[in-house]
Amino acid sequence: MYLDRPSIINGSQTQGELQRYFKDFADNPEIVPSIKFEVIVTNDDGLIAEISIARNFQNDVLAISIAGRRGQLDELEKAVQKDFPEAKLRKSETDLTADGEFLDTEKIIQVIFALLPQPMMEKLDGLADASNKVFTYSQKTRCLKLFQRLVEEGPVDVYKCCLDLAPIAWGLYEQWKAHQGFRGTGIRSIERQDGVILEVPDGMIFPILAAHSAFVRQDAAKTWVLQKPKMFSDIELIEAAKQAYMEIADHNPQTMGKSKACYSTLVRITAIYARLAQA
């Protein structure tokens with residue numbers, strides 16, 4: 001039998017066993033493996049993905065792998081590549097982000113929803129305002145499922161907004177992850193080296209990202225963009241974040257990321273600047 005472009009469904013363990021056989025026993029004629037197999041012939045990529053998902057008997061299939069096999073992350077990857085040309089999104093549980101080869105797809109989706117403007121929020125799962133974005137920090141699986149639903153069912157305008165904002169949101173996240181404006185704040189949970197800010201906790205960053213949603217709007221080409229007013233300064237937002245971190249979250253970044261009051265505090269500041277810019 002000759003197979004054209006064959007693959008083994010969920011074949012990581014199978015391939016490992018084959019490699020072990022050829023390494024250890026290929027020269028021993030007395031050891032002959034007996035393998036039960038079934039051949040499925042199809043050119044339907046969608047069916048191939050569904051078969052792969054349904055026939056994974058060894059382990060539960062991670063949601064990210066299901067989305068990847070169904071092609072639900074392909075347009076998102078292309079959108080991110082507009083500003084990050086070499087970016088590859090994690091689309092499977094076997095894609096690792098630790099070595100920097102793949103971006104954290106779920107984190108990208110989380111920061112997109114954190115930056116989503118109010119008109120789009122009102123169409124998304126009954127959420128009405130930026131202060132309700134606690135879920136973007138604390139519920140990554142919910143964010144992924146919401147995105148999958150947008151891909152399959154829409155609303156189309158919300159999905160387009162997410163794609164437009166994808167590279168912007170990721171760039172903003174990376175900027176704030178090591179924002180040097182936090183130098184001198186004395187916030188203990190921020191990682192530093194020789195006074196240089198190395199990493200700001202996500203619990204502080206997500207309320208800040210949600211606050212930036214006040215500056216998201218459509219340009220003349222109907223593309224969603226981030227337009228910060230010239231009068232706005234990151235330092236003011238940092239000071240407000242520090243105050244919320246200390247007084248509302250009791251110096252705990254995880255509490256801050258899950259506190260609606262922290263989101264509301266920062267959103268009020270950017271909303272004022274957004275109104276002044278439009279006046």
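The values are calculated or read from the model by the stated rules, or taken from the named source; none is laboratory data. What you see is a predicted model, and the numbers here were worked out from it, not measured in a lab. Backbone-built Cβ (ideal geometry, glycine too); neighbour counts: all protein chains shown.
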Next on the checklist: Please go through region 192-216 and give me each residue that is of a type outside the set (A, V, I, L, M, F, W, C) and surrounded by 15 or more Cβ atoms within 10 Å (Cβ to Cβ), ordered by number.
Outcome noted: P201, D202, G203, P207, H212, S213
Checklist entry - Looking at I238, is it surrounded by 19 or more Cβ atoms within 10 Å (Cβ to Cβ), at pLDDT 95 or above and of a type in the set (A, V, I, L, M)? => result yes
Checklist entry - In region 140-195, what residues are free of Cβ contacts under 8 Å to residues at least 24 places away in the same chain, under 24 Å from K88 (Cβ atoms) and among the small types (G, A, S)? => result A178
